[in-house]
Amino acid sequence: MRASRLVSILMMLQTRGRVSARVLADHLEVSVRTVYRDIDELSAAGVPVVVERGAAGGFELLDGWRTTLTGLTPDESQTLFLSGLPGPAAELGLGDTMASAHLKLLAALPPGWQREAERVSARFHVDLAGWYRRIAPVRHLRALADAVWADRWIAIRYESWQGVVDRELEPLGLVIKAGEWYLAAQPHGGTRGRAPSPRTYRVSSIRELTVQAAFTRPARFDLSAYWSESTRRFER
């Protein structure tokens, strides 16, 4: 248990930079005193942890020091190679990036784990398209993904069952289901007197798209929870 916790602390310091004892304690679900003991143990093991005092203080690794330790168990590393989904990544324009990330992950794993991780890719494959259909390239998907990532509202021309309509939307997230991409978005500017409610749009039905200025993303929006509820509502 402690070894796993030490690895988690090391990974958080490496990826986030300076982290307070309270944030580490909350993340690991332990006491602040336990965090201090774990930091002492990392230091004793030769990990150069620097302590910064004060209100904005915390723990961080010595500038320029990094570890090649991934913190992954064999099962975790195998799962990552199974969950890559190269098809959707390529549609988002991230195919080369994902391939590069896989190579880096593979190089960081111990030799014995490398063989096990490669076996997953050789023995399992995810095909999102239904029978008798091919996943066609989706227009505007990369621009839409960029807008989602950068929190920029969009103006679209959309072909709905009621006809072609123009919409101004604040894109909150993208979901792929059964090979089809969907956008969760709320009306730009909101509705007078109440908060706007997100709706779902089929990306392939977007005929024109223009990315506009930044908007303020709702802090409490949970894409996974929204999608689960919206699919249940649609099926009902």
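Annotations
- Projected-area average for region 6-67 over all orientations - Cα convex hull basis, square nanometres: 3.9
- Cα→Cβ-extended label distance, 7 Å offset, between residue 115 and residue 8, nm: 3.2
- In a DSSP loop and with at most 11 other Cβ atoms within 10 Å, the trypsin sites (Lys or Arg not before Pro) in region 1-57 are 53.
- Sorting 57-63, 8-14 by average packing, meaning the other beta carbons within 10 Å per residue, from highest down gives 8-14, 57-63.
- Considering all C-alpha pairs of region 142-236, those separated by over 18 Å amount to 44%.
- Counting every C-alpha pair in region 138-181, the share spaced more than 13 angstrom apart comes to 62%.
None of the figures in this text is laboratory data; all of them are computed from the coordinates on show. Here the structure is a predicted model, which means the values were calculated and not measured. Reconstructed Cβ throughout: ideal geometry from the backbone, glycine too, with neighbour counts over all protein chains shown.
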